[in-house]
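The values are calculated or read from the model by the stated rules, or taken from the named source; none is laboratory data. Just so it is clear, the model here is predicted, and its values are computed rather than measured. With ideal geometry, Cβ positions are generated from the backbone for all residues, glycine too; neighbour counts draw on all protein chains shown. These accessible areas exclude ligands, DNA and RNA; they are computed on the full protein's heavy atoms, side chains included. Shrake-Rupley method; radii C 1.70, N 1.55, O 1.52, S 1.80 Å.
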Amino acid sequence: MSVSRTLIEQACEEWIQDLTALSRRNNLLYYRDLKLGTLSFTNYNNEFLEDLFKGDKISINDLLSLKDNDSDVYRKIKVIHKRSKQNLEERGIDTLHLAYGFVSWKADDSGNSPKAPLVLIPISIESKSKIYLTQSGDPIINPVLLAYLDKNHNIKLNQEDLFTVDMPTKIDIMENSTLDFNTIAKNFKLSIEKKIPELKITEQLIISNFSFQKMSMVEDIKFQRDNPTNNNDLILAMAGNEIAVRKLKEKIVDIDVKKFDDISPDEDFIIFDCDSSQQSVIQAVLRGENCTIQGPPGTGKSQTIANLISSLAANGKKILFVAEKRAALEVVKKRLEDQRLGHLLLDLHGSGISRKLVMEKFKESLDLIRNSRSVEVGDTHKQFMRKRKELN
């Protein structure tokens, strides 16, 4: 194994360790009831639960067979809902989930035994005269539980296997039917009971805020760690390779802002006004440089990002735009939609994104592109270059 690959793998292991919190403080591994932050369903109407999994909006009264608006239930669910909105606005993450089924087994040490949610279903809450629940995304197996089993027991499970009925032709139980908890629990138990014989699975329902977004990053890092082609200079530099750091610095070239006026309109895809400092950023990125843009609020960072996205997309590049807060994504998204470039975007933020919504977005964008007509810009570009030359 090369020195570069060894360095990348060591760095990946450190990053995974930093992101993976499997201590007894993790509520997705050692669940504990909170006074107001969790709502457990001890008795519920199974017919309305199935309606929820089919995508119907149901009232909490129907689900729990409540004749009146139970003050204790309503108080708890309003606190849970308020916390979920804070997490979305301040941290940019969807944390509101219905936990279905809990897995427990005897701890290897003298501490508390694990009690982990098995299935997590994203939900949304609508509060009117009554409180309504709606499933807002695809169910998943608790990723923290899967990470724990992989790290502590060398049990490697994936989402697809647990959501599959084992028949001559395997069937995805989530594709055409409501959530089948019994099949998921059976698949899970068969997969691990040889290594964890005292395993118990209880069919319990709890609404709370569960945060596991870092686990997606862990899975990405594992994939990159095991990919032998990932030894480019940027990754090596992030892993601490000094030679790679020097190579990246050597690629930085000072930009002559006067040459911006020599760029042909046929190669310029900036959609918003920008000054020379913003154009310098765009040209640096188009050349493949890595950079950090800093500036106080109101100096045009989101405008520059929108220009970058349009320029890179026009050059056939793939762009991933991430932000800590949803508001930052929305600003850029709205700018591009205002310029009728919304078909370039695929919003994958949060747990409320389902496979159906993704495919509908692809269809919408492909239909728009298929029906678009080419635009003749030759005369407009010639006039622009003439006017630019006169101004200079």
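What the table shows:
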{"read-out": "Residue that is part of a helix (DSSP H, G or I) and within 27 Å of ASN290 (Cα to Cα), where the choices are ALA327, ALA323", "value": "ALA327"}
{"read-out": "Looking only at the stretch 48-87, and only at residues there that are open to solvent by 40 Å² or more (accessible area, probe 1.4 Å) and touching a Ser or Thr at 6+ places or on another chain (Cβ under 6 Å), the one that is nearest to GLY37 (Cα to Cα)", "value": "LYS57"}
{"read-out": "Helices (runs of 4 or more DSSP H) wholly inside the stretch 196-268 containing at least 1 residues that are farther than 30 Å from HIS153 by Cα and either aromatic (Phe, Trp, Tyr) or out of contact with any strand residue (DSSP E or B) (no Cβ under 6 Å at 6 or more places or on another chain) (or both)", "value": "233-238, 242-250"}
{"read-out": "Selected residue [closer than 19 Å to ASP94 by Cβ and either in a helix (DSSP H, G or I) or aromatic (Phe, Trp, Tyr) (or both)] from LYS333, LYS363", "value": "LYS333"}
{"read-out": "Flag if ASN182 is open to solvent by 60 Å² or more (accessible area, probe 1.4 Å), modelled with pLDDT of 80 or more and over 30 Å from ASP56 (Cα atoms)", "value": "no"}
{"read-out": "Filtered residues of the stretch 361-370 (kept if open to solvent by 100 Å² or more (accessible area, probe 1.4 Å) and free of Cβ contacts under 8 Å to residues at least 12 places away in the same chain)", "value": "LYS363, ARG370"}
{"read-out": "Positions within the stretch 269-279 being touching a residue at least 12 places away in the same chain (Cβ under 8 Å) and in a helix (DSSP H, G or I), in sequence order", "value": "SER276, GLN278, GLN279"}
{"read-out": "Residue in the stretch 303-312 that is hydrophobic (A, V, I, L, M, F, W, C), more than 18 Å from HIS381 (Cβ to Cβ) and open to solvent by 70 Å² or more (accessible area, probe 1.4 Å) present", "value": "no"}
{"read-out": "Residues that are touching a residue at least 24 places away in the same chain (Cβ under 8 Å) and assigned to a helix (DSSP H, G or I), drawn from the stretch 336-360", "value": "LEU336, HIS343, LEU344, ARG355"}
{"read-out": "Count of residues meeting criterion [farther than 23 Å from ASP70 by Cβ, in contact with a Pro (Cβ under 9 Å, 6 or more places away or on another chain) and crowded, with 19+ Cβ neighbours inside 10 Å] in the stretch 106-137", "value": "5"}
{"read-out": "In the stretch 236-254, residue least open to solvent (accessible area, probe 1.4 Å) [restricted to those that are touching a residue at least 24 places away in the same chain (Cβ under 8 Å) and closer than 13 Å to GLU289 by Cα]", "value": "LEU248"}
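A quick yes/no check of all residues on (1) outside any strand (DSSP E or B); (2) under 22 Å from PHE181 (Cβ atoms); (3) not aliphatic (A, V, I, L, M):
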{"residue": "GLU90", "(1), (2), (3)": "yes, no, yes"}
{"residue": "ILE121", "(1), (2), (3)": "no, yes, no"}
{"residue": "GLU126", "(1), (2), (3)": "no, no, yes"}
{"residue": "VAL144", "(1), (2), (3)": "yes, yes, no"}
